[in-house]
Amino acid sequence: MNTQKKGMTGKDIITVGIFSAIYFVINFAFMLLSGLHPLLWILMPGLIAVFAGIPFLMMCAKVPKTGAVVLMGFITALIYFVTGQFTVVILIAFAVSCILAELCRICSHYRSFRGNALAYVFFSLGMIGSPLPIWIMRDSFLAQISQQGMPEAYVSTLAALTSPGMIVVLVGAPIVGAILGILLARGMFRKHFEKAGIL
Amino acid sequence: MDEARRCLVFDPRVGLALLVFANLAAFSEQPFWMEMTWIGFLLFLMLLHHCFAMAGKSLLIFGGILCLQYWILPAAPGWAATSFSIFANYARRMMPCLMIGFLMFRRTPMPYLVAGMRKIHFPQRLIVAVSVTLRYFPAIREETGYIRDAMRLRGIRGLAKLEGIMVPLMVSATGTAEELSAAAVTRGIEDPAPKTSLVELRATPVDSTAFVVGVGLTAVLLAVKLGVFPW
């Protein structure tokens with residue numbers, strides 16, 4: 001975080017904090033839902049991206065400063081840390097995606113909708129860190145479930161479902177989801193928030 | 001706060017340290033007996049902090065997950081097994097962290113958490129942001145409750161519900177951000193001078209012991225991983 005004149009003020013920090021709370025609630029709701037089926041889990045980053053666009057872009061519009069996205073990512077990561085969902089993989093994915101998103105906003109001078117939208121695409125990609133360990137720690141994960149007494153047929157189904165090809169779906173889902181989320185957010189902004197004078 | 005209540009406060013520094021240890025343990029595939037030690041230790045800690053119902057619920061949930069993994073899922077039809085095995089696996093790994101998280105949620109009031117984060121030299125900006133976020137969760141719950149009541153009155157259903165929740169929530173969040181920052185700036189949140197705190201953090205013997213146990217468990221984990229012990 002920088003401490004120059006242009007840096008974030010107390011108001012900016014509080015605004016980021018509040019919108020992070022909303023972002024996290026949406027994020028967590030889908031996280032719980034994704035426990036139902038592995039396929040939902042793989043699609044989860046995409047689903048989150050569809051619905052979390054509104055708080056993210058709202059926050060971007062409210063806080064046109066360096067560090068806002070990184071701060072938002074940091075808070076989310078910290079709360080995930082408390083819920084034990086935190087792996088080194090998520091940490092790296094989150095850090096990389098937040099920095100890319102931040103760079104995007106710096107280049108677009110914070111005010112452009114397109115710049116913020118692109119930043120959102122990068123930000124959404126951070127969530128792929130959650131299912132990614134299935135691919136990275138594949139062998140130990142599968143060994144662990146068969147050790148817990150899972151039938152052979154089932155383990156192979158799961159292995160097929162998490163084939164290397166599915167990584168394309170995993171990475172593609174948040175991109176598509178983020179674009180849908182941006183369109184949804186833009187519709188809402190035009191329909192409600194601009195008229196109400198909030199933006 | 002009187003002396004008896006103060007003893008119930010779970011020291012935030014110990015809480016954060018235990019979270020780090022529990023996270024390390026959760027993702028290094030610890031042996032079964034170590035997992036049980038962690039769970040037992042945390043249950044005991046909950047009891048010492050007078051969270052009896054929470055300890056009971058945690059025990060039930062953990063027992064449920066174990067039953068699910070070892071007896072129910074292997075016998076369940078394919079689709080059910082596919083659906084719940086990853087869920088059970090992750091829920092079980094997350095359990096110690098969640099238990100510490102719940103305990104902190106219940107027994108570490110916000111001023112203590114802020115004081116604790118200051119003591120371990122968290123940057124001031126992060127402290128403000130994190131505490132605002134945590135404090136806003138109950139507010140979101142309250143807001144959505146009201147919004148839902150209003151929607152029920154007007155009979156709004158289906159996809160319109162999404163818009164019906166998001167828009168008022170965003171509007172009220174924007175309003176709260178304005179008001180809260182006006183209040184906080186008036187009270188000197190932007191003052192670079194070191195902040196003072198009304199609460200005084202003192203680790204109780206229970207919390208200090210908990211910290212030592214956490215360090216011990218992590219040391220044992222390291223020893224097991226490095227192959228010092230034959231398990």
**Message:** Springs between alpha-carbon pairs under 10 angstrom, Gaussian network model over chain A: which of A:T76, A:T15, A:T157 fluctuates most?
**Reply:** A:T157
**Complete:** Descending accessible area (1.4 Å probe), largest on the left, turns A:T162, A:T9 into A:T9, A:T162
**Prompt:** What list of whole percents do you get for P(r) of the range B:142-209, with Cα-Cα distances grouped in 5 Å bins up to the one holding the largest distance?
**Reply:** 3, 12, 14, 12, 9, 9, 10, 11, 9, 7, 3, 0
**Request:** For chain A, with a Gaussian network of springs between Cα atoms less than 10 Å apart, report the residue from A:L132, A:L170, A:L142 with the top mean-square fluctuation.
**Result:** A:L142
**Item:** Compactness of chain A - radius of gyration and Dmax, Cα, Å
**Value:** 18.2, 62
**Complete:** At the level of C-alpha centres, the distance separating the range A:31-95 and the range A:118-152, in angstrom, is 16
**Fill in**
the range B:20-44 and the range B:143-177 have their Cα centres apart by a whole-number Å value of 41
**Prompt:** Cα gyration tensor of the protein assembly as shown, axes a ≥ b ≥ c as square roots of the eigenvalues: rounded (a/c below 1.5), prolate (a/b > b/c) or oblate?
**Reply:** oblate
**Complete:** Here the relative contact order (percent) of chain A, from C-alpha pairs under 8 Å and at least 6 apart, is 29
**Packing-based ranking, highest mean first, of B:8-21, B:180-193 given that Cβ atoms within 10 Å are counted** = B:8-21, B:180-193
**Fill in**
Quick calc of log₁₀ I(q)/I(0), the range B:33-175, Debye, one scatterer on every Cα, no solvent, q values 0.09, 0.10, 0.13, 0.15 1/Å, result -0.49, -0.60, -0.92, -1.03
**Item:** Pairwise FRET efficiency - B:H121 versus A:S146, Cβ, R0 = 35 Å, nearest 0.05
**Value:** 0.15
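Mind checking how much accessible area A and B bury in total, 1.4 Å probe, in Å² rounded to 100?
For chain A against chain B, roughly 5100 Å² becomes buried.
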**Prompt:** Do the alpha carbons of any pairs in A:K65/B:K195; A:K65/B:K161; A:K65/B:K119 sit beyond 31 Å of each other, and which pairs?
**Reply:** A:K65/B:K161
**Message:** Taking each residue in A:24-32, count the Cβ atoms of any other chain within 10 Å of its Cβ, then average. What number comes out?
**Reply:** 2
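For B:99-109, what's the mean count of beta carbons from other chains sitting within 10 Å of each residue's beta carbon?
1
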**Prompt:** Rounded to the nearest whole Å², what accessible area per residue is found for chain B with the 1.4 Å probe?
**Reply:** 54
**Asked** So what is the 222 nm mean residue ellipticity for chain A from helices alone, if each DSSP H run of at least 4 adds -39500 (n - 2.57) and you divide by all residues, rounding to the nearest 500 deg cm²/dmol?
**Response** -24000 deg cm²/dmol
**Item:** For the range B:17-117, alpha-carbon Rg and Dmax in angstrom
**Value:** 15.3, 51
**Fill in**
quick shape note, the range A:82-199: Cα extents on principal axes in Å, largest first -> 59, 29, 26
**Message:** Just checking the output field for B:121-128: average partner chain Cβ neighbours within 10 Å of each residue's Cβ?
**Reply:** 4
**Message:** Considering the Cα positions of the range B:30-74, please state its Rg to one decimal place and its Dmax as a whole number of Å.
**Reply:** 11.9, 37
**Request:** Pop out the ³J(HN,Hα) list for the range A:27-38 in order, Karplus 6.51 cos²θ - 1.76 cosθ + 1.60 with θ = phi - 60°, rounded to Hz; leave Gly and Pro as x.
**Result:** 4, 5, 4, 6, 4, 5, 4, 5, x, 6, 8, x
**Fill in**
In chain B, whole DSSP H helices that both stretch 30 Å or further along their axis by alpha carbon positions and average at least -0.5 on the Kyte-Doolittle scale are B:78-107, B:124-154, B:160-186, B:205-226
**Fill in**
Taking N as the number of residues in the range B:66-139, the ratio of its alpha carbon radius of gyration to 2.2 N^0.38 Å works out to 1.66
**Item:** chain B: relative contact order in percent, alpha carbon pairs under 8 Å with at least 6 residues between
**Value:** 36
**Prompt:** Whole-Hz Karplus ³J(HN,Hα) for the range A:62-68, in order, using 6.51 cos²θ - 1.76 cosθ + 1.60 and θ = phi - 60°, x for Gly and Pro?
**Reply:** 7, 10, x, 9, 5, x, 4
**Item:** Where N is the number of residues in the range B:96-231, Cα Rg divided by 2.2 N^0.38 Å
**Value:** 1.53
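The values are calculated or read from the model by the stated rules, or taken from the named source; none is laboratory data. Computed from a prediction, not measured in an experiment: that's the story for all the values here. Quick reminder, even Gly has a Cβ in these numbers, built from the backbone with ideal geometry, and neighbours come from all protein chains shown. Note: areas computed on protein heavy atoms with side chains; ligands, DNA, RNA excluded. Shrake-Rupley method; radii C 1.70, N 1.55, O 1.52, S 1.80 Å.
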